[in-house]
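Undergrad: Just passing along the structure, written as C-alpha cells.
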Amino acid sequence: MRVVLLGPPGSGKGTCAKIIGEVYGVPVITTGDMLRVAVVMATPLGVTAKGYMERGELVPDDLVNDLVAERLREPDAVDGFILDGYPRSPKQAEALDSILKKSGKMLDHVLHVNLEYEVIIDRLSARRSCPKCGAIFNLVNKPPRATGKCDACATTLIQRDDDKPEVIRRRLEVYREKTQPLLDFYEKKGEIKTIRGDIDLKQLPAALRRVLGYG
Ligand code: ADP
C-alpha cells in the first residue's frame, strides 16, 4: 500500500499517517522528522537544512529527494509506505514519480488533509512536543496531565522553533505557493481523496476507513 498525504502544515497529516500506517502495516516516512533528526545529529544534510527549517522555507529539493530515495530503498518500505510531508514541490513529485516508475509501482492513494489557515495558526501556536519520546500535545485541546510535562516520560515539553507565529505564516505561504499546485498534479492523474483535519480523534479511524475504502 503506497499513500501520499498532502495538506498544509499543521492540518493533521501526521495523525492520519500514523493511523493509516498501522492499518496497512507499512512504515510512515515523515520527512520533517527525518530532517529534524539530521539537524540534531549535525550531519552534513542537517547543517544545511537547519537554516531553511528555522525560516519556514523548504529544504532544497535535491537534498530531500536523495533522502527519500534512500529511505524508500530500505527493506521495510519495499512493499509500501505512507509519505507524510513529501512530495512538497513539483520537482519532488516528479522525483517520486520516477522512483515509482523505475520499480514498476504506483501510488494507491493521495489523501488531502485539509483545514482552514486560521484554525491551523491557532493549532500550531498551541502545539508542544516531547523532545525525548516525540509525543505531541496541544495546550487547547490535548493538554498534558501535568503542566509542561510529557504524560509518557515526564520530560519537559518544548515548542518547535518553527511553531512561532511568524514562521507558521511563512510555512503557510510556502505551502500555498509550492505544495498546493501538487493537488492539480495528482488530480490529473486520478482521484484525490479529501478529509478534514479536525475530525474528532475518536471518529478519525472510521472516517479514514470510509474515505480510503478499506475494512
Ligand atoms: P509542517 O508540515 O508542519 O510544516 P514538517 O515537520 O513536515 O512540518 O516540516 C518542517 C520543516 O522541514 C519544513 O518547514 C521544511 O523546512 C522541512 N521539510 C520537511 N519536509 C520537506 C520536504 N519534503 N521538502 C523540503 N523541506 C521539507
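The values are calculated or read from the model by the stated rules, or taken from the named source; none is laboratory data. Model, not experiment: these values are computed from the prediction. Heads up, the Cβs are rebuilt from the backbone with ideal geometry, glycines too, and the neighbour counts pull from every protein chain shown. Protein only, heavy atoms only, side chains kept; ligands, DNA and RNA dropped before computing areas. Shrake-Rupley method; radii C 1.70, N 1.55, O 1.52, S 1.80 Å.
Undergrad: Can you give the relative contact order of the chain as a percent, counting alpha carbon pairs under 8 Å and 6+ residues apart?
TA: Relative contact order here is 29 percent.
Undergrad: Okay, next question. For the chain, modelled as a Gaussian network with Cα springs under 10 Å, which listed residue fluctuates most, I120, I20, I192?
TA: I192
Undergrad: With a cut-off of at most 13 other beta carbons within 10 Å, and DSSP calling the residue loop, which GluC sites (Glu not before Pro) in the stretch 166-215 qualify? Please list them.
TA: E191
Undergrad: Computed FRET efficiency, Cβ-Cβ of L201 and K101, R0 25 Å: what is it to the nearest 0.05?
TA: 0.10
Undergrad: State the antiparallel share, in %, of DSSP beta bridges confined to the stretch 103-200, rounding to the nearest 5.
TA: Percentage antiparallel, nearest 5: 60.
Undergrad: Past 21 Å, Cα to Cα: identify those pairs from K50/K101; K91/K178; K13/K142; K18/K193; K105/K188; K13/K164, in the order given.
TA: K50/K101
Undergrad: With a 1.4 Å probe and all protein chains left in place, how much accessible area per residue does the stretch 85-215 have, in Å²?
TA: Using a 1.4 Å probe on heavy atoms only, each residue of the stretch 85-215 averages 59 Å².
Undergrad: What's the local net charge at H109, with K and R +1, D and E -1, over the other residues with C-beta under 11 Å away?
TA: 0
Undergrad: Which of the trypsin sites (Lys or Arg not before Pro) across the stretch 61-117 are loop residues per DSSP, with 11 or fewer other Cβ within 10 Å?
TA: Loop-located and lightly packed - R73.
Undergrad: On full extension of the chain, what length is gained from V23 through V140, given 0.36 nm per residue of separation minus the C-alpha to C-alpha distance?
TA: Full extension from V23 to V140 adds 39.3 nm.
Undergrad: Tell me, what % of the accessible area of the stretch 1-80 is carbon and sulfur with a 1.4 angstrom probe?
TA: Carbon-and-sulfur percentage of accessible area, whole number: 57.
Undergrad: OK, next. Assuming a ≥ b ≥ c are the square roots of the Cα gyration tensor eigenvalues, decide whether the stretch 149-215 counts as rounded (a/c under 1.5), prolate (otherwise, with a/b larger than b/c) or oblate.
TA: oblate
Undergrad: Then there's this: At what distance in angstrom do the alpha carbon centres of the stretch 144-215 and the stretch 50-65 lie from each other?
TA: 19 Å
Undergrad: I would also like to ask the following. Using a Gaussian network model on the chain with a 10 Å cutoff between Cα atoms, which of V110, V40, V174 fluctuates the most?
TA: It is V40.
Undergrad: Hey, another quick one. Enter the accessible area of Y117 (Å², nearest 10), with the probe set to 1.4 Å and all protein chains included.
TA: 40 Å²
Undergrad: Of the beta bridges DSSP finds with both residues in the chain, what % are antiparallel, to the nearest 5?
TA: Antiparallel: roughly 30 percent of the beta bridges in the chain.
Undergrad: Given a Förster distance of 30 Å, report the FRET efficiency between V37 and E116 from their Cβ-Cβ distance, rounded to the nearest 0.05.
TA: 0.45
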